[in-house]
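The structure appears right after this line, and notes come after that.
FYI, it's all coordinate maths here, none of it is from the lab. This structure is a prediction, so every number in the text was calculated from the model and none was measured. Cβ placement follows ideal geometry from the backbone for every residue including glycine, while neighbour counts extend to all protein chains displayed.
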Ligand SMILES: Cc1cc2nc3c(=O)[nH]c(=O)nc-3n(C[C@H](O)[C@H](O)[C@H](O)COP(=O)(O)OP(=O)(O)OC[C@H]3O[C@@H](n4cnc5c(N)ncnc54)[C@H](O)[C@@H]3O)c2cc1C
């Protein structure tokens with residue numbers, strides 16, 4: 001019989017790596033299986049949304065991420081960074097369908113803004129942290145099949161069989177785990193063809209810098225180093241798996257821009273669509289899904305990473321409880337995260353519709369722009385794109401319960417100051433309260449000098465406050 005691992009994670013993408021880190025914070029050892037021998041350096045995301053960034057901050061990754069974020073800002077906006085410094089400049093807001101009107105200052109939460117950062121840099125940071133924590137990452141191992149029974153999942157991999165108490169598919173949009181387990185994955189078919197490339201152009205000045213919506217589609221150039229981005233709205237690619245050529249990307253740029261600009265070299269490129277699908281449940285017995293394996297959608301608004309990282313934060317402590325013998329929390333993972341994913345799918349569909357290059361859509365864009373400029377409209381779109389508006393239904397009337405707490409300075413009983421997230425770095429729950437209380441061993445106490453009390457789950461979700469209907473003991477029993 002093979003040794004029984006606590007958790008096997010398939011995929012060392014950002015979500016798989018972060019889930020392994022979350023599990024380690026909860027005292028659980030995961031083995032991560034990744035088919036690629038080397039980290040994937042293909043360009044993908046260019047930003048992390050607010051609640052995903054905050055989840056990373058709660059594990060002490062803030063300083064490393066901030067350095068990469070500032071380097072990327074300098075590449076994107078050298079003039080502004082030179083003038084104001086990366087900390088002093090007004091932070092770029094997110095966009096809705098290319099409408100750059102989302103303004104965290106207008107919403108009075110300037111610190112909760114999305115952070116431009118290349119996904120490759122994020123993955124490098126996560127990989128380094130996972131190794132520091134002694135997490136076993138087995139590269140060059142492809143998961144080919146599995147069966148589950150009442151006690152474990154037995155995986156067939158290219159490196160032989162492996163057994164684990166739980167299996168989590170973090171294996172991306174075409175997830176083998178999802179397909180093998182038979183998760184339903186309904187949604188809408190692709191309607192557009194897009195490309196993202198690193199490209200050297202013969203005459204970059206032929207393209208207008210920034211986001212250009214033309215009568216034939218969308219082209220973005222000159223704002224993220226040599227990244228080039230196009231979208232055309234006349235159907236999906238004829239063959240999504242065909243090798244991508246320089247000629248195909250160049251033809252798209254020329255069609256959309258109406259210029260004869262040429263691509264001299266293209267070290268990297270990807271093809272993408274607006275295929276929007278979501279697993280109906282994120283759990284089947286001992287098999288779970290997180291990140292793109294559970295939901296796919298177009299990249300408009302830059303939300304995929306944000307969604308997947310917070311899936312991982314939500315799931316980590318719940319699997320840890322199951323490994324310790326109590327799986328009652330596991331189903332709340334789907335209950336809490338499925339509606340959040342569904343909302344992202346809906347807003348990305350709306351963004352595609354609002355991007356279509358026809359005059360009627362242009363008129364609609366004018367109306368939507370006007371609405372986003374209003375403070376309420378800005379808050380509505382901003383909270384949706386950043387995830388700040390998330391509130392899980394924990395059955396409590398206090399509007400704070402179920403939200404993800406933002407970072408804040410705590411004044412402790414001994415007069416010292418400490419950041420809330422800094423206090424959560426080592427994992428476990430946190431009671432913020434001036435009063436003494438007996439706590440389970442996986443809940444820490446930030447004894448404050450005064451003020452209101454709240455209980456946070458390890459994922460930063462407020463589980464109880466002074467204004468809650470139920471008692472603190474009930475909340476502790478439920479989540480810990
Ligand atoms: C053009 C583009 C732009 C984007 N821009 C943004 C953005 O600005 N902001 C944002 O938040 N998101 C963005 N996204 C989305 C973001 O890139 C994804 O949501 C993110 O990569 C999902 O991470 P993941 O870990 O779930 O999956 P992946 O990154 O796909 O990782 C899955 C891993 O699983 C491995 N794997 C697969 N099958 C197996 C197997 N059978 N056995 C072993 N290993 C396996 C793969 O090799 C891979 O390493 C963008 C996406 C695209 C395409």
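Once the Cβ-Cβ distance of residue 80 and residue 2 is raised to the sixth power relative to R0 = 45 Å, the FRET efficiency obtained is 0.20.
Measuring between their Cα centroids, the stretch 421-480 and the stretch 82-149 lie 27 Å from each other.
Taking a ≥ b ≥ c as the square roots of the eigenvalues of the Cα gyration tensor, the stretch 193-273 is classed as oblate, since a/c reaches at least 1.5 and a/b does not exceed b/c.
Give the angle, between 0 and 90 degrees and rounded to the nearest 10, that separates the Cα long axis of helix 359-373 from the longest principal axis of the Cα atoms of the chain. The angle comes out at about 40 degrees. For the chain, what does the alpha-carbon gyration tensor say about shape, rounded, prolate or oblate, given a ≥ b ≥ c as the root eigenvalues, a/c under 1.5 as rounded, and a/b over b/c as prolate? Taking the square roots of the gyration eigenvalues as a ≥ b ≥ c, the chain is oblate.
In which sequence would 417, 22 go, from the one with the fewest C-beta neighbours within 10 Å to the one with the most? All intermediate terms of the calculation are to be shown ahead of the outcome.
Numbers: 417 9, 22 27.
The order, fewest Cβ neighbours first, is 417, 22.
With a/c under 1.5 counting as rounded, go ahead and sort the stretch 277-318 into rounded, prolate or oblate using the C-alpha gyration tensor (a ≥ b ≥ c being the square roots of the eigenvalues; past the cut-off, prolate if a/b is larger than b/c, else oblate). Oblate.
Available extension along the chain between residue 109 and residue 188 is 25.0 nm, counting 0.36 nm per residue and deducting the alpha carbon span. With both labels modelled 7 Å from their Cα along Cα-to-Cβ, the residue 262 to residue 467 distance reads 6.5 nm.
In the stretch 61-189, Cα pairs under 8 Å separated by at least six residues give a relative contact order of 14 percent. Quote the relative contact order of the chain in percent (integer), defining contacts as alpha-carbon pairs under 8 Å separated by 6+ residues. Relative contact order for the chain comes out at 18 percent. Mean separation of Cα pairs under 8 Å and 6 or more residues apart, divided by the residue count, gives the stretch 193-273 a relative contact order of 46 percent. Rounding to the nearest 10 and keeping the result within 0 to 90°, find how far the Cα-based axis of helix 330-355 lies from the longest principal axis of the chain. Once rounded, one gets 20 degrees. Between residue 100 and residue 449, the distance separating the two model label sites (each 7 Å from Cα on the Cα→Cβ line) works out to 4.2 nm.
Once the Cα atoms of helix 246-257 and of the chain are each reduced to a long axis, what angle between those two axes, in degrees from 0 to 90 to the nearest 10, is obtained? Its long axis makes an angle of about 80 degrees.
Which length gain, in nm to one decimal place, applies between residue 41 and residue 380 when the Cα-Cα distance is subtracted from 0.36 nm times their residue separation? Each step should come with its number before you reach the end.
Working: separation 339, 0.36 × 339 = 122.04 nm, distance 3.44 nm.
Taking residue 41 through residue 380 to full extension adds about 118.6 nm, to one decimal.
Taking 0.36 nm per residue of separation and subtracting the current Cα-Cα distance, fully stretching the chain between residue 200 and residue 437 would add 79.1 nm. Label point of residue 242 set 7 angstrom out along Cα-Cβ; within the stretch 252-269, amide nitrogens under 14 Å from it belong to 252.
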